[in-house]
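K.L.:
If you scroll down you'll find the structure; I have some questions about it.
The values are calculated or read from the model by the stated rules, or taken from the named source; none is laboratory data. As the structure is a prediction and not an experimental result, all values here were calculated from the model. As a convention, Cβ positions derive from the backbone with ideal geometry for all residues, glycine included, and neighbour counts pool all protein chains shown.
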Amino acid sequence: MTIARNTHRRVRARQEGVVLLVALIVLVAMTLAGIGIMRSVDTGTLVAGNIGFRQAAVASGDSGIEAARTWLIVNRDTLDTDQTGQGYYSTRQDSLDLTGNKTEGGSDGVDWDGSNPSQPVKAKNLGDLDSSGNTIYYLIHRLCSIPGSSNLPAQSCAKATTTGAGSSQGDVTYSDYALTKKNQIYYRVTARVNGAKDTVSYIQAVILL
């Protein structure tokens with residue numbers, strides 16, 4: 001009987017040791033799961049914050065596009081030549097690397113914020129147009145092949161022909177007549193927004209003027 005009792009005690013001790021091991025494994029698994037959930041929540045918060053920064057940058061970019069459109073309308077009679085101080089170029093500059101991602105370190109990019117004087121193309125710095133703290137720049141390109149008048153023989157511009165309508169109310173017969181056809185040229189506006197946490201967004205629009 002004494003031998004049987006000792007055997008029973010040894011079996012129960014081994015069982016209690018296995019339960020402790022299983023409990024430790026479950027505790028470690030629960031700890032890892034908790035850490036994973038915490039990191040997932042942190043990542044979700046960061047993603048939501050980045051989306052918010054991007055949306056704010058897009059809204060500020062619209063302000064840049066509108067500022068460029070206003071400038072074009074005011075200066076519509078002087079658009080045959082470059083005005084680099086205003087971020088305006090009278091040609092398409094097809095090989096231009098607008099974002100600097102195509103040929104990093106090259107000289108075919110844009111000096112957006114004045115920090116890269118090696119880039120020959122200069123953007124217009126509008127500063128902060130709203131309370132978001134975003135800095136806005138724009139660059140305007142006339143979609144033509146060479147500087148000068150759009151009527152030059154060697155010129156090639158993206159344009160649209162429009163026809164206006166008028167009235168002959170002062171004549172004997174009251175009717176409508178066609179006004180002179182007018183060629184309107186397309187302009188490409190690229191706006192860049194530098195926002196919080198090094199957020200950079202680009203927005204483009206094409207304006208017919």
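K.L.:
How many residues are at pLDDT below 80, assigned to a strand (DSSP E or B) and either small (Gly, Ala, Ser) or more than 22 Å from residue 79 (Cα to Cα) (or both) if we restrict to segment 177-209?
P.N.:
So the answer is 3.
K.L.:
How do the pairs read when you match residues in segment 81-95 that are farther than 15 Å from residue 191 by Cα with residues anywhere that are aliphatic (A, V, I, L, M), using Cβ under 6 Å and keeping only pairs 6 or more apart or on different chains?
P.N.:
Pairs that qualify, where the first residue is farther than 15 Å from residue 191 by Cα and the partner is aliphatic (A, V, I, L, M), are 92/143.
K.L.:
Shifting gears a bit: Got a sec? Which of 130, 82, 77, 94 is among the acidic types (Asp, Glu) and modelled with pLDDT of 95 or more?
P.N.:
82
K.L.:
Could I ask something else about it? Give just the number: which of (1) out of contact with any Leu (no Cβ under 8 Å at 6 or more places or on another chain); (2) touching a residue at least 60 places away in the same chain (Cβ under 8 Å); (3) within 21 Å of residue 63 (Cα to Cα) does residue 138 not satisfy?
P.N.:
Tallying (1) out of contact with any Leu (no Cβ under 8 Å at 6 or more places or on another chain); (2) touching a residue at least 60 places away in the same chain (Cβ under 8 Å); (3) within 21 Å of residue 63 (Cα to Cα), residue 138 fails exactly one: (1).
K.L.:
List pairs: first in segment 96-122 and closer than 16 Å to residue 190 by Cα and of a type in the set (Gly, Ala, Ser), second surrounded by 13 or more Cβ atoms within 10 Å (Cβ to Cβ) and at pLDDT below 85, Cβ under 7 Å, 6+ apart or cross-chain?
P.N.:
Pairs that qualify, where the first residue is closer than 16 Å to residue 190 by Cα and of a type in the set (Gly, Ala, Ser) and the partner is surrounded by 13 or more Cβ atoms within 10 Å (Cβ to Cβ) and at pLDDT below 85, are 109/100.
K.L.:
I've got another one for you. Here is a list: 68, 23, 29. Which entry is at pLDDT below 80, at negative phi and in a helix (DSSP H, G or I)?
P.N.:
On the way: 68 fails: at pLDDT below 80; 29 fails: at pLDDT below 80.
Criteria check complete, one pass: 23.
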